[in-house]
């Protein structure tokens, strides 16, 4: 159907989107197309979009504007847009009327339909195809289960354990574009992980908008902690990571499973979003500052070597200077290893869009700068504490080759990036004892022992 055609993909957003990208590329490969490293050489361009923040959406619209020239030079070029953005009716309408260069639009619920939709355009049965569903169908679920097995790279694999979210935080668009939470059956997940292990996978990343609520929609007593106990037993898998955890659902049983397993990595991403109880309530986060700090204390007591990372939003509507100082105080108290920090971005259709007392942009930017300065100091200090220590690193990237030696990259089980000094042997995909010799804010440098 797409024999002798080249495709190019571009992506914005989270690791769920990265997993969708793998599925899309698998489908294009099955159609006979070949991946291109350049848009200029492509016959098919697919953009996988994100709607969590306005900045990401604007980047997509800018890219579509740039692609108009390519389309003008090559009228047979097929341009497709998918992902969370197009699940919003206002965005779909804008693309339809303002970007005539776009030939194909499909959403988050019908990835499996890509071959059929693309074939209509290739065979010139339709000039433009725009198909966005509002929910799954059973055939779609089954199709995704089958096409989702293969990976481009099996060393580290992402495994989606649930789709969607039921939390409806007041600022978040995700439930509206990804739908309500749907846990995949545990037997399907274990079979997929066994398949990956047989292909040489060493590390898996279990993905969900809120992995801690996994199983609540399934019959029986299945929980995320129980799922992890099954995953641990899969032979061949050396490391297990998961993302993202919601603090309100982080159970004692989950802490116990992590603390007792050598396979589960000692890294917990625990988004706090704000240190102010007033703002947390407005955000509909479902916990108070004190409850979050108590959870952190439990984790640190049970898993002393764990690294904690977080997400923080500044400039939420109604955030005063006192509220912001509460956030800084919490960051100082917890001492996160790193933090993803963001300026609040209004999302059309969310509850927070209607809130009064929107914070001035100038104030938002200053608060973000102050927060980043504080967190960077903490991150650098914590990384410097690792200098001189020997840590087990999984080597997952090969870099430059100089004078017959290759440099590599890897990660600690606490998810810290380590650049490895040049090494003469091929150590990609292996676990190495590495002595840390230098620390930076966001990474470490080490030497194989």
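Nothing in this text is a laboratory measurement; each read-out follows from the coordinates by a stated rule. Nothing here was measured: the structure is a model prediction, and the numbers come from that model. Using ideal geometry, Cβ is built from the backbone for each residue, glycine included, and neighbour counts are taken over all protein chains shown.
Rounded to the nearest 500, what is the 222 nm mean residue ellipticity of the chain from helices alone, with -39500 (n - 2.57) per DSSP H run of 4+ residues and division by all residues? Mind showing how you got there, number by number?
Details: 13 runs with 160 residues, N = 449.
Taken over the chain, the calculation gives -11000 deg cm²/dmol.
Considering only DSSP beta bridges whose two residues both sit in the chain, what percent are antiparallel, to the nearest 5?
Around 35 percent antiparallel, to the nearest 5.
By how many nm would the segment from residue 120 to residue 166 lengthen if fully extended, with 0.36 nm per residue of separation less the alpha-carbon distance?
Difference between extended and current length: 13.0 nm.
Between residue 139 and residue 70, what length in nm is gained on full extension when 0.36 nm per residue of separation is reduced by their alpha carbon distance?
21.2 nm
With a/c under 1.5 counting as rounded, go ahead and sort segment 6-137 into rounded, prolate or oblate using the C-alpha gyration tensor (a ≥ b ≥ c being the square roots of the eigenvalues; past the cut-off, prolate if a/b is larger than b/c, else oblate).
Cα axes put segment 6-137 in the rounded bin.
Arrange 355, 99 by Cβ neighbour counts within 10 Å, fewest through most, would you?
Numbers: 355 15, 99 18.
Ordered by Cβ neighbours within 10 Å, fewest first: 355, 99.
Among 230, 246, rank each residue by its count of other Cβ atoms within 10 Å, from fewest to most, as a rough exposure measure.
Result, fewest neighbours first: 230, 246.
Within 10 Å of each residue's Cβ, count the other Cβ atoms and sort 442, 136 from fewest upward.
442, 136
Classify segment 165-283 as rounded, prolate or oblate, taking a ≥ b ≥ c as the square roots of the eigenvalues of its Cα gyration tensor: rounded when a/c is under 1.5, otherwise prolate if a/b is larger than b/c and oblate if not.
Here segment 165-283 falls in the prolate category.
Quick one: if you stick a label point 7 Å off each Cα along the C-beta vector at residue 399 and residue 152, how many nm between them?
Calculated label separation equals 2.1 nm.
Ranked highest first by average number of other Cβ atoms within 10 Å, how do 186-198, 265-277 line up? Write down the numbers at each step before the final one.
Numbers: 186-198: 17.1, 265-277: 22.2.
The densest-packed peptide leads the list: 265-277, 186-198.
Provide the packing ranking of 381-387, 210-216, i.e. peptides ordered by the mean count of other C-beta atoms within 10 Å per residue, highest first.
Answer by packing, highest mean first, reads 210-216, 381-387.
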